[in-house]
Each structure stands twice: as C-alpha cells, then as structure tokens.
Amino acid sequence: MNDLRQRLARCVSLVFPDLKLPEVYSASSSSVAEWDSMAAIILANVIEEEFLVKLDYDILPELVSFDLILDYLKNNNGTS
C-alpha cells in the first residue's frame with residue numbers, strides 16, 4: 001500500500017509541482033487552487049499512465065482529494 005501511496009504522490013506532484021510533499025498527501029480540489037476541471041483530467045491521465053488503468057471518467061467529479069483517489073485505486077486496482 002505504501003508503494004501505491006508513493007506512486008500516487010508522484011502523480012499529484014507532476015500535476016501540481018509547487019506542492020510540498022505534506023501538501024500532496026492532503027491535496028484536494030478545495031485546498032489546491034489549481035485543481036480545476038482541466039487539472040483533474042490531466043491528473044487522471046497521469047494516473048492512468050502510471051498505474052496502467054483506465055479510470056471511469058463518470059466518477060472523476062467524485063475523485064476530489066488524494067485520499068479519495070487512493071481509495072479508488074485500492075478498490076479498483078486489486079491492491080490492498
């Protein structure tokens with residue numbers, strides 16, 4: 001699980017390079033001004049490439065924080 005968390009942190013850091021690591025782990029659309037709809041799509045693309053998964057874009061509006069994305073990946077990627 002730690003590896004999953006670290007890999008997701010790298011993805012978030014790529015999309016939001018100004019965030020420090022503690023901010024990455026607590027990042028959300030309400031705490032990161034740059035996290036708009038375009039950034040969400042870019043983040044989804046980066047995650048798909050990193051984890052070799054296809055995200056369901058219908059649920060993208062629900063994936064509005066690091067923790068929610070991590071939970072989604074754990075539950076839909078066969079990773080515990």
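The values are calculated or read from the model by the stated rules, or taken from the named source; none is laboratory data. Treat the numbers as computed from the prediction; the structure is a model and nothing was measured. Cβ coordinates were reconstructed from backbone atoms using ideal geometry, including for glycine residues, and neighbour counts include every protein chain displayed. Surface areas here come from the heavy atoms of the whole protein model, side chains and all, with no ligands, DNA or RNA. Shrake-Rupley method; radii C 1.70, N 1.55, O 1.52, S 1.80 Å.
If you check LEU8, LEU19, which single one turns out to be outside any loop (DSSP other than H, G, I, E, B), open to solvent by less than 80 Å² (accessible area, probe 1.4 Å) and touching a residue at least 12 places away in the same chain (Cβ under 8 Å)?
LEU8
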Problem set entry | Residues (among the β-branched types (Val, Ile, Thr) and out of contact with any helix residue (DSSP H, G or I) (no Cβ under 6 Å at 6 or more places or on another chain)) located in segment 1-46 | VAL32, ILE41
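Per-residue answers, yes or no, for (1) open to solvent by less than 70 Å² (accessible area, probe 1.4 Å); (2) modelled with pLDDT of 95 or more:
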position	(1), (2)
VAL24	yes, yes
ASP36	no, yes
ALA40	yes, yes
LEU43	yes, yes
GLU50	yes, yes
PHE66	yes, yes
ASN77	yes, no
Exercise. Restricting attention to segment 52-64, and to residues there that are open to solvent by 50 Å² or more (accessible area, probe 1.4 Å) and not in a loop (DSSP other than H, G, I, E, B), which single residue is modelled with the lowest pLDDT?
Worked result: TYR57
